[in-house]
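Presented below is the structure to which this report refers.
The values are calculated or read from the model by the stated rules, or taken from the named source; none is laboratory data. From a predicted model like this one, the values you see are computed outputs, not experimental measurements. All Cβ positions, glycine included, derive from the backbone under ideal geometry; neighbour counts span all protein chains shown.
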């Protein structure tokens, strides 16, 4: 078992602790912090379970599973918050997840990887296609904001209708991009997967790669059980987190905007964070980039549109009209990532640039006067 | 004769029909639709005539003719609308032509070409230079809008003076870019032309390429006559179209903005559309890209500045102060095209991305509340 | 001695002339023009002295000296203006220096170089890294503006605190980028330096390159004296320039904004201008690009943050809240430069594009109604 897995196992202790805090009335702020910490290992095990099941059920069904469950934590957390009517927090979490993935996670991966290797290379074709797709996603979810901000007389109904229409287009593009990456152009991505197979940990013997035999295959039922259990855990802990959010953030002196854009995405993306950084430090930049970009793409093309449609269905209409400064922040993140990932190589200074951009954006949100 | 030419010949029937509709009083909406359909084949034959004459009079004079008449339909249509005082419709048509060329036409070309060929390549040097020039053009025609939008106290006179000054700079750059592409750096584009010569249609014999003899040369007088006739036809049909525009769009439930940005450019660019898609499906992506980019560049560097100066001369002052959302839409189009065309290769998913961006932009304009 | 040096020596005559104008009361406009002309040669000799000292004290200390004194003229000029409370002029000079370097200086270098050589190449890795860093710098110094512009209720205190925090981040990145370029990844830049060593002027003998002997080394004390003298000269002339600025620009019919964005940066960057163009005409595009980008980077990562912190210390609080149109202009400049410098080659048309963008931006500032 890797060190990372051990850390996550230990972190599971926050699950019972958060329950205790809730039932014994230790205060909303304590519940908020403990529930936040409890979600981190649950999200990690959800990721592991998804990947293990994907290995067994084969690349196509597995890819679909990954594409659906990859950001399940964000989806569940956002759904609970949406149900409670915290629509602006949900929207802030979406932009925050994109910003956090592109700047904070990619920044740490490129920086720490770059400290160990002078120059790290990755497939520029897939990277550029991902960046182009990301550009569309960002444009799409932010266009309603631009419409509202540049025009007068845009009614809430218009924004809601436009948002649902945009959501349908985005889900359509998402499905077509799965056809592309798992169907017609799978070879573009296969190279990456083959060369990025998990390397043996220190101390393990270096074995000839061979197809997994029946015994080596992980237990499908075991992992499905784990997946169901942790999915339930995330739902439950999300309830605690969302329930205590308003009181807790106020007592911590933070705005709901800052919590949504900066804090919640760090909790929800901790697992991707760990994976992307770990593999970058093993010089597997293709995998690292694909984890980061894949996660961002799922937010823009799957999580956000699903929430728009679900919100419309459950009577908590969520449009895609964001705070204009969120628009600026996401554009900034995408601009910097485009300019850094375009050439297929990275070094530690580029990591510093990404992290510094994140720091500046986070500072701006920290000083932002809007209480949402 | 190619299938495409036959279709355009048949479409000519809409010319007499639109006259009938106008004189027999079939209603403004009918006139609008029939005149719109009649312009499509006229624009196509104007393109063919221009190219045929260009072959006879040689590359330099021919290039100049192409550079001037390439977007004659848009120019005539816009001039008629400008004369009628429909200044906002004219401006909307300009941004709509750029958006439509870059997203819709290039999108269909890349998508349909990509369905037939797994990967299509094109010269990245010319593509990038075109993209850079396009960036300048977009920046230039949109800077007055940005000035007006970010500042207070910008008078109409200031905007008009700034617009005329910008128009002069743009025409200057246009002339210099002709010197570049036909003079000092013609070799960059020659490669493209040589390799993109019209391939024989199915059934024709594959002949050794040879310089056209006197007999093979098309009849200069014939094509000049055709050019004059169709130019007159476009003017006349444009009068019908513009005259019925306001009543017709209202009865169709469309805003003038939507008509200007989405409908009119589709009519005006139908010929480029057909060419760009046809050659992309023959894997001649260089030619396809150059048709699309060339048309967009002519709008920004020739049609728009000429209209500003003509409008100022005929007392219908047209500044370059656009609806701010048009600015956003054009920036979005250019961003996506830059990110897709930068690497010199394309696939069907990139076509989907372009088309999806167009769909989202069109949706936003459809829901846009402004009646101009 | 090169022709360039002779021209600068002759220009020194404007130093006594500007004093005479000031003491003999020739009018504020005369003082303004003469002081402006006097600063040009002083800035040039400051640059020469810095480089000569850098040769003696070795690459590391020399690099640091260059990084600190490279934009000393701008720093001194801005400091004097800041002390006088002309905060908006200072901010305009900062954005104007970036725009002027990226569009006007790079434009002339690429254009004039391109007239002599059909195609000029430069190292794309360093160019792209510089561009990425520039993107961060631009984003950072403009984010407070975006915050203020997109939100309501942003107080001056918030902007000031955010600006100081951003300034600290920028100086941190600047120090790390020095570690990168002079330490861990010096080899990326060494190539450039070796190949860009000053070529012998016509008439000098072509000698085998050899390490400078004690005699060949320039006199450290002499150049330190020159540096101190010209630094003092720049301070003094800056006092004259700033003192006469308000009356002079008014009598010349210019706004303070136009003076700050267009006029002052041309004065402050005349030396870089001369160097960048001269070396481009010798086909040393790497050096030309690095002069232009280096100067812009120093403005964004050193001069601007230092002024924010100094202003805060001397009780002339300068935030990073710019005129929104300055934001647009800087974004435009960076967009065009990214799109032109990304491929590692240049030609005269790209120079025309840069210059045309500068012309359009300058026109917009000329017509801008704001008196600051």
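Structure summary
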| quantity | calculated |
| --- | --- |
| Conditions (1) more than 8 Å from chain B (Cβ to nearest Cβ); (2) touching a helix residue (DSSP H, G or I) at 6+ places or on another chain (Cβ under 8 Å); number of the one not met by residue A:180 | (1) |
| Residue among A:350, A:326 that alone is more than 30 Å from residue C:186 (Cα to Cα) and buried (at least 24 other Cβ atoms within 10 Å of the Cβ) | A:326 |
| Condition met for residue A:252 (away from chain C (no Cβ under 14 Å), on the phi < 0 side of the Ramachandran plot and buried (at least 24 other Cβ atoms within 10 Å of the Cβ)) | no |
| Residues of segment A:321-336 classified as facing chain C (nearest Cβ under 10 Å) and under 21 Å from the mean Cα position of the chain (by Cα), total | 11 |
| Residues located in segment B:111-133, provided they are more than 14 Å from chain C (Cβ to nearest Cβ), over 13 Å from residue B:286 (Cβ atoms) and either touching a strand residue (DSSP E or B) at 6+ places or on another chain (Cβ under 7 Å) or buried (at least 19 other Cβ atoms within 10 Å of the Cβ) (or both) | B:111, B:114, B:119 |
| Candidates B:276, B:329, filtered to the one that is closer than 26 Å to residue B:182 by Cβ and modelled with pLDDT of 80 or more | B:276 |
| Residue within segment B:153-172 that is modelled with pLDDT under 85 and more than 9 Å from chain C (Cβ to nearest Cβ) present | yes |
| Qualifying residue in segment A:359-372 (condition: more than 25 Å from residue C:133 (Cα to Cα) and more than 7 Å from chain C (Cβ to nearest Cβ)) | yes |
| Residue within segment B:338-354 that is modelled with pLDDT of 85 or more, part of a loop (DSSP other than H, G, I, E, B) and within 12 Å of chain A (Cβ to nearest Cβ) present | yes |
| Residues that are at the interface with chain A (Cβ under 7 Å from one of its Cβ atoms) and in a loop (DSSP other than H, G, I, E, B), drawn from segment C:139-152 | C:151 |
| Options A:136, A:75, A:104; residue that is under 30 Å from residue A:315 (Cα atoms) and either surrounded by fewer than 23 Cβ atoms within 10 Å (Cβ to Cβ) or away from chain B (no Cβ under 14 Å) (or both) | A:75 |
| Qualifying residue in segment A:306-320 (condition: out of contact with any strand residue (DSSP E or B) (no Cβ under 7 Å at 6 or more places or on another chain) and either within 23 Å of residue A:128 (Cβ to Cβ) or within 14 Å of chain C (Cβ to nearest Cβ) (or both)) | no |
| Pairs with Cβ under 7 Å, 6+ apart, first in segment B:1-30 and at pLDDT 80 or above, second not in a helix (DSSP H, G or I) | B:29/B:252 |
| Which listed residue is in a loop (DSSP other than H, G, I, E, B) and more than 28 Å from residue C:156 (Cβ to Cβ), from C:319, C:283 | C:283 |
| Test: residue in segment C:270-289 that is crowded, with 21+ Cβ neighbours inside 10 Å and in contact with a strand residue (DSSP E or B) (Cβ under 6 Å, 6 or more places away or on another chain) | yes |
| Answer residue from segment B:216-263, given it is closer than 17 Å to residue B:56 by Cα and in contact (Cβ under 8 Å) with a residue 12 or more places away in the chain and is nearest to the chain's Cα centre (by Cα) among those | B:227 |
| Hey, residue B:289 away from chain A (no Cβ under 14 Å) and outside any helix (DSSP H, G or I) or not | no |
| Odd one out for residue C:56 among (1) more than 14 Å from chain A (Cβ to nearest Cβ); (2) under 30 Å from residue C:319 (Cα atoms) | (2) |
| The lone exception for residue B:118 - which of (1) in contact with a helix residue (DSSP H, G or I) (Cβ under 8 Å, 6 or more places away or on another chain); (2) in a helix (DSSP H, G or I) it fails | (2) |
| Unmet criterion (only one of (1) part of a helix (DSSP H, G or I); (2) modelled with pLDDT under 75) for residue B:250 | (2) |
| Condition met for residue A:294 (modelled with pLDDT of 80 or more and under 25 Å from residue B:360 (Cα atoms)) | yes |
| Segment B:112-139 residues that are in contact (Cβ under 8 Å) with a residue 40 or more places away in the chain, paired with ones that are crowded, with 23+ Cβ neighbours inside 10 Å and assigned to a strand (DSSP E or B) (beta carbon under 6 Å, 6 or more apart) | B:113/B:120; B:120/B:346 |
| One residue from A:96, A:47, A:100 being assigned to a helix (DSSP H, G or I), under 19 Å from residue A:265 (Cβ atoms) and at pLDDT below 80 | A:47 |
